[in-house]
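Colleague: Sharing a structure with you now.
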Amino acid sequence: MRTPVLTERRAPPTTWNVDLNALLPIAHAAAALFMTGVIWFVQIVHYPLFGRVGAANFRAYEREHARRTGWVVGPAMVVELLLALALAARGGLLAWAGLALLAVIWTSTALVQVPLHRRLEQDADVAAQRRLVRTNWIRTAAWTARAVIAMAIAA
């Protein structure tokens, strides 16, 4: 007759051994890819539909659009910036190129897109709507390039 063998049970580890240095490029790529997806959706779907809202409801629509969009993109843009700064602090040409593109995005947002949204909160200005779609290609191209760079860094 065999005697049962008792095996020692080990408790699961209570801490995670995470290499934050290795996690940084992955988190950065995730943030860049998220924002790239958002900007392509905005460029191809959302902004072009502004013209379908109608002048009577446009001001209220634009105010609500700005409020809701801010809750989605504001925190994501800040996280992306912090991760890009952390990568640039480690050095490397690609990290600095990505940070430079982020400067283009933030500058375009502050100096072009936000003023256009403010104008649209006052009036359903068709020319401003068209300019918003046209000038948003700056951010769309820059975020797309950032996504490529972020993937290269993470690879």
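The values are calculated or read from the model by the stated rules, or taken from the named source; none is laboratory data. Computed from a predicted structure; not experimentally measured. Virtual Cβ from ideal backbone geometry, glycine too; neighbours counted across all protein chains shown.
Colleague: Residue 61 passes all but one of (1) closer than 24 Å to residue 155 by Cβ; (2) at pLDDT below 95; which number fails?
Modeller: (1)
Colleague: Do you know which residues across segment 124-146 are over 21 Å from residue 51 (Cα atoms) and either touching a Pro at 6+ places or on another chain (Cβ under 9 Å) or among the charged types (D, E, K, R) (or both)? Let's see the steps before the verdict.
Modeller: We begin by selecting, within segment 124-146, every residue over 21 Å from residue 51 (Cα atoms); these are 141-146.
Once the filter is applied, which keeps residues that are over 21 Å from residue 51 (Cα atoms) and either touching a Pro at 6+ places or on another chain (Cβ under 9 Å) or among the charged types (D, E, K, R) (or both), segment 124-146 yields only 146.
Colleague: In the list 116, 132, which residue meets the criterion of being in contact with a Phe, Trp or Tyr (Cβ under 8 Å, 6 or more places away or on another chain) and over 21 Å from residue 22 (Cβ atoms)? Working first, answer last.
Modeller: Details: 116 fails: in contact with a Phe, Trp or Tyr (Cβ under 8 Å, 6 or more places away or on another chain).
Testing whether each residue is in contact with a Phe, Trp or Tyr (Cβ under 8 Å, 6 or more places away or on another chain) and over 21 Å from residue 22 (Cβ atoms) leaves just 132.
Colleague: With respect to residue 137, is the statement that it is aromatic (Phe, Trp, Tyr), part of a helix (DSSP H, G or I) and within 16 Å of the chain's Cα centre (by Cα) true? Spell out the reasoning first.
Modeller: On the way: aromatic (Phe, Trp, Tyr): yes; part of a helix (DSSP H, G or I): yes; within 16 Å of the chain's Cα centre (by Cα): yes.
Judged against the criteria, residue 137 is a match.
Colleague: Now for a separate question. Among the residues of segment 70-86, count how many are touching a helix residue (DSSP H, G or I) at 6+ places or on another chain (Cβ under 8 Å) and under 26 Å from residue 130 (Cβ atoms).
Modeller: First pass over segment 70-86, keeping only residues touching a helix residue (DSSP H, G or I) at 6+ places or on another chain (Cβ under 8 Å): 72-73, 76-77, 79-81, 83-86.
Those still in the list that are under 26 Å from residue 130 (Cβ atoms) too: 72-73, 77.
The qualifying residues number 3.
Colleague: Can I ask one more? If you scan segment 131-155, which residues turn out to be free of Cβ contacts under 8 Å to residues at least 40 places away in the same chain and either of a type in the set (Val, Ile, Thr) or surrounded by 15 or more Cβ atoms within 10 Å (Cβ to Cβ) (or both)?
Modeller: Looking only at segment 131-155, we keep the residues that are free of Cβ contacts under 8 Å to residues at least 40 places away in the same chain, and these are 131, 134-135, 138, 141, 148, 155.
Those that are free of Cβ contacts under 8 Å to residues at least 40 places away in the same chain and either of a type in the set (Val, Ile, Thr) or surrounded by 15 or more Cβ atoms within 10 Å (Cβ to Cβ) (or both): 131, 135, 138, 141, 148.
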